[in-house]
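The values are calculated or read from the model by the stated rules, or taken from the named source; none is laboratory data. Given the structure is predicted, the values throughout are model-derived calculations rather than measurements. As a convention, Cβ positions derive from the backbone with ideal geometry for all residues, glycine included, and neighbour counts pool all protein chains shown.
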Amino acid sequence: MKKITVLLLSLVLVFALAACKPKVEVNHPPVINGVNEEVTININDPYDPLDGVYAIDTEDGDLTSGLTVVGDYDNTTQGNYTFAISVTDSDEETTTKSVTLTVEDPYSDNESPVLSGVTFYLFVYGETFDSAASNIGITSLDAEDGDLSASIVVDEGDLDLTTAGTYFVTYTVTDSLGVSSSLVLAVKVLPEGVSNPRDTRSGASDTLIVGTSEMNGNFISGFGSSAYDNYVIDLTNGAGVIATTKGGNFQINETVVESYTAVYEDVAENPNLTYTFNIKAGMKFSDGTAITAEDYVFSAKLYASLVYKDAGATSSYLNVVGYEEWNEGCYFTGYKLPANKEEAAASLTFDDNGTAIIDVTEWSVDADPAHSEPVSFYPDVTDAWGDPIEFAPTSLGCDTSHDYSTTPLDFAGVQLIDEDSFSITLKGNTLPYFYLLSRVAVNPLPKDIYTEDGAYEFLNKDELAALASDATHLGYHIKSEYLNTPTISTGAYKFVEYIPGTHAQLELNENYVGDYRGHKATIQNLYIRVVPSATDIEHLLNGEIDILPGVVEGDKIVRARAEGYITPVTFLRNGYGMIAFATDFGPVADYRVRQALAYLIDRDTFVDAFLQGWGSTVDGPYGLGQWMYQDSPFSEEGDDTLIHYAVDLAQAASLLDAAGWAFQSDGTTAYVQGTDTVRYNAAGDMLEINWLGTISEYSDLLGPILIDGFSKAGVKLNAVQQPFSVLLENYYYAYTLPEADRQYHMFNLATTFNIAFDPYGSYHTDWLGTWQNSNQFADTAAAPQVPLDSTYTITVGDFTVTGEKSIDELTILMRELDPDQTDEFQAYWEMFIIRMNLLLPNIPLYSNQYHHFANSSIKGFEASVFWDWVASVVDMTIGAPAA
Amino acid sequence: MLKYIVKRILYLIPVIFVISIILFALLNLMPGSPEQFMVQCAPNQSQEQCNQAREDFRIRNGYDKPLPTQYVLWITNVIQGDLGESSRFNMPVADAVGPFIKNSIILNAWVLVMSFLIAIPIGILSAVKRYSFFDNFWQVFSLLGISMPSFFFGILLIYLFSMTLQWTPLSGMITTGYQAPNIFAHWWDIFKHMILPSTVLIIGSLAGTIRYVRSAMLDIIRQDYIRTARAKGLSERVVIYSHAFRNALIPVVTLVAFSIPALFSGSTITESIFQWPGIGQVLIRALNEQDFSVVLAMNMFYAMLALLANLIMDVSYALVDPRVKLS
């Protein structure tokens, strides 16, 4: 028992001793529970990170009310956010839990439903009209939900079929995510008792009359044909080996080409590329004679020949091997060009002004003409100002020792192989090229007829020189006999008659092979009739013409859309209107001044007034109809990749300040916005901009907007309006004047791009000091106007460009691509547009929606920017007259 | 007489030379660059090709040479009958403008004949019945005609007769697609197209001619020999039509001679409203597009016509008025 007592006592002692020691507190950290550590929500979904989260602490109990969120997240913006939920107990001990929040945009991958169908309906009194989408032919397809045509909702607006006028019916479709698209159908209601005046025109059932401005009568390619002459050229020329598709692509014309090969020469550097075409048998000219490979060879040779050039025509096929010899009419002895940097430097001397003088006798002779690069640069060989000097090769002229009687001159790159095949060889040093096929495009010409069965032939330089002054040759023969009357046709129509100032008459070519889809025209007679622009719409209303292409004036569009048996066919322009700067001269040489001016022009107001809704403001040198634009982010609503330059006085003022235009006339006192009227720079020069406009509605509308905007920021505008020819003279050639005689800083004009969009010739410094680079614009990798951002990237498809490039680099990169490198082209193009939008050699203004108008009896007429009425004519038919 | 005519023609030669120098200089003072208009880039053409073509054009047309050289080249060719080639039409100037001049002559001849046929009797009657309602009406009406801008008047006629009543075609010279069965149907078709433009031109020209004839007639009526004729007891009809009218014709003849150059010239505005394919529109376009050969040739042609018309006027004066002697 004592033992037990001792044990118990010692235990008590131990406990007592233990109790006497200072107490050691062990705090428990708070515990956070209920946290979802990886959350994914949709944009704008309500999200509370503390929802369902609770915290307890051993010591403090429930700490839920003390939970805090550390870090930011934004459930209204797409992105990944990491933040923490944290709680601290009374012992200052903190527990955090990390949360990763992903905010997703469910719509970013969701494509809006697409509505397609007609946008115009002509309602004739007495008809019945059911606005249901299925009845009108409007359908809807959604990438995710499939065919939504059945759920299209119709809003008839104030449609009143008993009162003449134009009404708008809206078709709306909504996909499963709630995203909707709509399409507006314009319904033109004609007054009671009005019949189609076309129905009473004699012979109207098989005759199409197209209204046009005056033609020049130049109906063969190469002779400065106008856009209206080109109608006849395009209608009478077909059977080409390359076709331009409805979508604006160049492709092999399968209606004509049986088979083809494209083979690179077997050399390491710059191999030439040979296209061999095997044409289909049985094709015929309009007169019934067979089209053979020889006619294609003849055509390519003619368009590049010396005799054609001598007759005043433009030469083609510059990129075909042997072009220079064929076009000059002799084999060259060779070229002189600097073989290396030392030779280039040795040929230089400088005059007193420091201008470089080149002595070509110092250069080497290169016998192979193929080696003649257009321009050679040696970057270290510079003039007194440090700019690289251009060394253009100098031709040594014709090889007089060559005996042309034994080996006649030939176009080396164009060869006849047999009756059905021929080849065209492209120069390797001009490849790759994005629009490659455009360089081998060739249409047949009737060799036997044009040469009068060999009475006329291609001539070399000596033969041409030896001709008697009154003698004619192949070039003149074609010009004098066929330019006005191109009697033999390969196109959808054949030429009948041209009456100057009145019309060109054509009739169906029974032997036409069809376009690239094999489509052939069916309307028997076609007239291209000259109509006065003052009453062109009236001609359509009166039924005197059937089609009026390319209407741009707002008031005419409004009228033609509202009255008569007229149907609009619209398409977006492949071009734009702009204010162009001479960027080498005066205050506008500084890009900041150009930007400031852009911020001062109320472009949207101008565009609304000028286009009356048929087009929109653009922010770069593009047209609304270009595929690059439509595929780019720029075309998306709300996209802010490009600076929009909305009117912003503060921005303009700070840019002008930064550019040094920050003073009053003494050059020292600061310019005060709102008090002073004109800005000066430190040298005391006034900020004056001289604008040369034209005598046109365009300039009349623009002038007041310019004056109003500029004056607010202290920019003095001197406005002059002159005929268009004067504007062009100044725009293209003012650079030739001494600086003191230069007058104009800016011009307003509009441009339409080629199908092959290639800005190299307009903005590259290779063309500096020529009228081709009309802005005299320079932005190079060595001297960029704005520093290039090396971290900048653009991704299109699988292709990423890293590092911003100068305009010089971009214009080259865009063209030196293979035709299938569309992602690359798109990426460079976007970068080009973004940089042009920043540097503003031109302030872009507008791009139009163009209208063709047609009598409602004409069916099958479709148009796009690449698909004019002459291309669509093969699908047109004439509907029966109304009963 | 013959000697006089030969002398006059010889005098004309230096005048024509001076005119040619002035014209040539004036034309070259015009700013602009024709190659921008004349050499269009084809859609499948590269920029370089197009640039080269424009350079070639400048050189080919000699626009790169100094002015005096250009003048000497041009005048030498003109003397040899080569008016140059139209850069717009790509053919010799005479061939290019020929059809347009022909169309202008058709329209102008009709206008000239009609306006004299209408104006001469009205002018005479107005003089005879001076200050009557008839006189006042034509004074006011013809003034209205000359004052009304031809553009406005043309559009008014189009609205009334082509759009509303649909009696006449809107524009042009022939009906598109109409194959005339014979020459009369062909001319009838042309006539229908000519009604509106010629109405505009005739009404515009009446005022001058009516006033001219009226004042000539008034001058004559006050002459002693008219009083003598009346005193002889001749009927008023005979006095007016055989004594007064024939004498009043003398100034009218000169007016006719003076109108001859107008036959060949176009009326730009009327032609363009009605798309009458005449020379007026071609000339304006040639100016705007700097088709120098056409502008020079046509202006030289008009200058020579004006000189010639002067000569004809002087000669015809002598022919119809025995009091005038040429020496």
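Could you tell me whether any residue of the stretch B:290-303 is more than 14 Å from chain A (Cβ to nearest Cβ) and at positive phi? No. When the residues of the stretch A:296-328 are filtered to those that are acidic (Asp, Glu) and closer than 11 Å to residue A:411 by Cβ, the one that is surrounded by the fewest Cβ atoms within 10 Å (Cβ to Cβ) is A:324.
Would you mind finding the one in A:98, A:140 that is part of a strand (DSSP E or B), modelled with pLDDT of 80 or more and not assigned by TED's automatic domain parsing to the domain that holds residue A:173? None of the others qualify; the one that does is A:98.
Collect the residues in the stretch A:764-820 that are at pLDDT below 90 and on the phi > 0 side of the Ramachandran plot, keeping them in residue-number order. Result: A:769, A:797.
Identify, from the list A:769, A:797, the residue that is surrounded by fewer than 21 Cβ atoms within 10 Å (Cβ to Cβ) and within 21 Å of the chain's Cα centre (by Cα). It is A:797. Counted as qualifying within the stretch A:532-636 are the helices (runs of 4 or more DSSP H) with 2 or more residues that are over 21 Å from the mean Cα position of the chain (by Cα) and more than 28 Å from residue A:828 (Cα to Cα), namely A:536-541, A:554-562, A:603-611. Examine the stretch A:192-214 for a residue that is modelled with pLDDT of 85 or more, among the acidic types (Asp, Glu) and within 30 Å of residue A:308 (Cα to Cα), and state whether such a residue exists. Scanning the stretch A:192-214, I find at least one residue that is modelled with pLDDT of 85 or more, among the acidic types (Asp, Glu) and within 30 Å of residue A:308 (Cα to Cα), so the answer is yes. Just one of the listed residues (A:437, A:483, A:445) is crowded, with 20+ Cβ neighbours inside 10 Å, away from chain B (no Cβ under 14 Å) and touching a residue at least 12 places away in the same chain (Cβ under 8 Å), namely A:445. Criterion applied to A:813, A:788, A:817 was being hydrophobic (A, V, I, L, M, F, W, C) and in contact (Cβ under 8 Å) with a residue 40 or more places away in the chain, and the one residue passing it is A:817.
Across the stretch A:408-447, the qualifying residues are those that are within 25 Å of residue A:289 (Cα to Cα) and part of a loop (DSSP other than H, G, I, E, B), and the one among them that is modelled with the lowest pLDDT is A:419.
Here residue A:557 does not qualify as within 23 Å of residue A:229 (Cα to Cα) and of a type outside the set (Phe, Trp, Tyr).
Scanning the stretch A:112-135 for residues that are within 30 Å of residue A:192 (Cβ to Cβ) and within 33 Å of the chain's Cα centre (by Cα) gives A:117, A:118, A:119, A:120, A:121. Counting the residues of the stretch B:79-104 that are in a helix (DSSP H, G or I), surrounded by 17 or more Cβ atoms within 10 Å (Cβ to Cβ) and more than 12 Å from chain A (Cβ to nearest Cβ) gives 1.
Screening the stretch B:249-289 for residues that are within 20 Å of residue B:89 (Cα to Cα) and in a loop (DSSP other than H, G, I, E, B) and picking the one that is nearest to the other protein chains (Cβ to nearest Cβ) gives B:277.
Has the stretch A:108-122 got any residue that is on the phi > 0 side of the Ramachandran plot, outside any strand (DSSP E or B) and either aromatic (Phe, Trp, Tyr) or surrounded by 15 or more Cβ atoms within 10 Å (Cβ to Cβ) (or both)? Yes, some residue in the stretch A:108-122 is on the phi > 0 side of the Ramachandran plot, outside any strand (DSSP E or B) and either aromatic (Phe, Trp, Tyr) or surrounded by 15 or more Cβ atoms within 10 Å (Cβ to Cβ) (or both). Can you tell me which residues in the stretch B:271-305 are in contact with a Phe, Trp or Tyr (Cβ under 7 Å, 6 or more places away or on another chain) and of a type in the set (Asp, Glu)? Hit for the stretch B:271-305 is B:289, nothing else.
Being surrounded by 14 or more Cβ atoms within 10 Å (Cβ to Cβ) and either over 28 Å from the mean Cα position of the chain (by Cα) or in contact (Cβ under 8 Å) with a residue 60 or more places away in the chain (or both) is a property that residue B:112 has.
The set of residues from the stretch A:840-868 being more than 26 Å from residue A:205 (Cα to Cα), touching a helix residue (DSSP H, G or I) at 6+ places or on another chain (Cβ under 7 Å) and part of a strand (DSSP E or B) comprises A:843, A:845, A:846, A:848. Against the conditions (1) assigned to a loop (DSSP other than H, G, I, E, B); (2) more than 22 Å from residue A:470 (Cβ to Cβ), residue B:71 satisfies every one except (1). I need a count of the residues in the stretch B:164-179 that are out of contact with any strand residue (DSSP E or B) (no Cβ under 6 Å at 6 or more places or on another chain) and at the interface with chain A (Cβ under 8 Å from one of its Cβ atoms). Here the count works out to 8. The residues in the stretch A:612-648 that are of a type in the set (Phe, Trp, Tyr) and either more than 27 Å from residue A:249 (Cβ to Cβ) or outside the structural domain of residue A:580 (by TED's automatic domain parsing) (or both) can be counted, and the count is 1.
The set of residues in the stretch A:462-477 that are modelled with pLDDT of 85 or more and of a type in the set (D, E, K, R) comprises A:462, A:463. In the set (1) at pLDDT 90 or above; (2) within 14 Å of chain A (Cβ to nearest Cβ), the condition left unmet by residue B:136 is number (2).
Restricting the stretch A:496-542 to residues that are away from every other protein chain (no Cβ under 12 Å) and of a type in the set (D, E, K, R) leaves a set whose member that is surrounded by the fewest Cβ atoms within 10 Å (Cβ to Cβ) is A:510.
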